[in-house]
Number of protein chains: 2
Amino acid sequence: MVDILHRIGVTGSSPSAVYETLTTIDGLAKWWTEDTVGDDSVGGVIRFRFGEAGGFDMKVIENQPDELVRWEVVEGPEEWIGTQVRFELKQEDGFAIVLFSHEGWKEPVEFMNHCSTKWAVFLMSLKKLLETGEGDPAPNDVKISNWH
Amino acid sequence: MVDILHRIGVTGSSPSAVYETLTTIDGLAKWWTEDTVGDDSVGGVIRFRFGEAGGFDMKVIENQPDELVRWEVVEGPEEWIGTQVRFELKQEDGFAIVLFSHEGWKEPVEFMNHCSTKWAVFLMSLKKLLETGEGDPAPNDVKISNWH
């Protein structure tokens, strides 16, 4: 089992503000993909779509206000099914810190390399959203390679 | 043992051009840190510094032209000592693809989360350098958190 790990700090923000963007359809659509629909409550399934590239369905496993958000991938690329996404939130030095992990990959395939870099870019979009009011969600996300 | 993995594709570039930026002091100084000095030949040690934050000394373990670059960390933060950095290069769909790994971390500490995101940002700097002629090396690198 191998994991993707990231850490960002949102300047002048709070865990509460980050939590809002991670647990509402409207918030998620502003930094990950504009095509986000579904049920954002615990036990619900959120559907993230990226045009022709397809997308992911995430079941909301746990929401602890201002502290923790956990999803399980229930539909998407084969490598993603059953993996879990976790956001841990805390305040530090005037920054809202996000500790991110995408856990439970069976093997470190090349697609995992891609997803790791792409997660970093989307987390920077989340940071930008909270710092400036505007993120870079798909389809206007920062492209990193031939795999978009 | 846990690894940091990334993948970027440089538009309209070649493995040869990427290899040049990874194996010369001048190339490295244009995307990672301006304060890069040392011996860039195999067996040599390259010293990367980031002002007050310190830096890393990398021993060049292997250089296979246009294909592979491998370093071992011989000085730096305790968690980095003995870890290895690897860049695999290939051409795909008109992109120069860089498969990156920073291997051999003993434990997935919070600092590893930080380094993973920061590596992504620096690889995007490498991509930008080759696509536009200008990267974002330290001290003008993209800041991601209170840990810079």
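The values are calculated or read from the model by the stated rules, or taken from the named source; none is laboratory data. As the structure is a prediction and not an experimental result, all values here were calculated from the model. Cβ sites come from the backbone with ideal geometry, for glycine too, and all protein chains shown count toward neighbours. Calculation scope for accessible area: heavy atoms of the full protein, side chains included, ligands and nucleic acids excluded. Shrake-Rupley method; radii C 1.70, N 1.55, O 1.52, S 1.80 Å.
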Points 7 angstrom from Cα along the Cβ direction at residue B:52 and residue A:45: gap in nanometres? 5.1
For helix A:110-132, report the angle its Cα long axis makes with the longest principal axis of the Cα atoms of chain A; keep it between 0 and 90° and round to the nearest 10°. 20
Spatially proximal lysines relative to residue A:143 (Cα-Cα < 18 Å; intrachain offsets below 8 disregarded): A:30, A:118, A:127, A:128, B:118, B:127, B:128
Calculate the dipole size of chain A relative to its Cα centre from +1 charges on Lys and Arg beta carbons and -1 charges on Asp and Glu beta carbons; express the result in debye to the nearest 20. 220
Among the Cα-Cα pairs of region B:108-148, the proportion with separation greater than 12 Å, in percent, is 59
Using amide H atoms built in the peptide plane, which far-off residues or other-chain residues are under 5 Å from residue A:35 H to H? A:49
Backbone HN-Hα couplings from phi across region B:137-143 [Karplus 6.51/-1.76/1.60, Hz, Gly and Pro as x]: x, 4, x, 9, 6, 6, 7
What list of ³J(HN,Hα) values in whole Hz, one per residue of region B:54-65 in order, does the Karplus curve 6.51 cos²θ - 1.76 cosθ + 1.60 (θ = phi - 60°) give from phi, with Gly and Pro shown as x? x, x, 9, 10, 10, 8, 6, 8, 7, 10, 10, x
Test item: B:2-14 mean partner chain Cβ contacts at 10 Å: 6
Counting only backbone N atoms under 15 Å from a point 7 Å out along Cα-to-Cβ of residue B:148, the residues of region B:111-129 in range are B:115, B:118-119, B:122
How high is the FRET efficiency between residue A:109 and residue A:24 when r is their beta carbon distance and R₀ equals 30 Å, given to the nearest 0.05? 0.40
In whole Å and largest first, what semi-axes does the C-alpha gyration tensor of region A:52-141 yield when each eigenvalue is scaled by 5 and square-rooted? 23, 17, 13
Square roots of five times the C-alpha gyration tensor eigenvalues of the protein assembly as shown, ordered largest first and given in whole Å, equal 32, 21, 18
accessible surface per residue for region A:64-148, probe 1.4 Å, DNA/RNA/ligands not counted, whole Å² -> 43
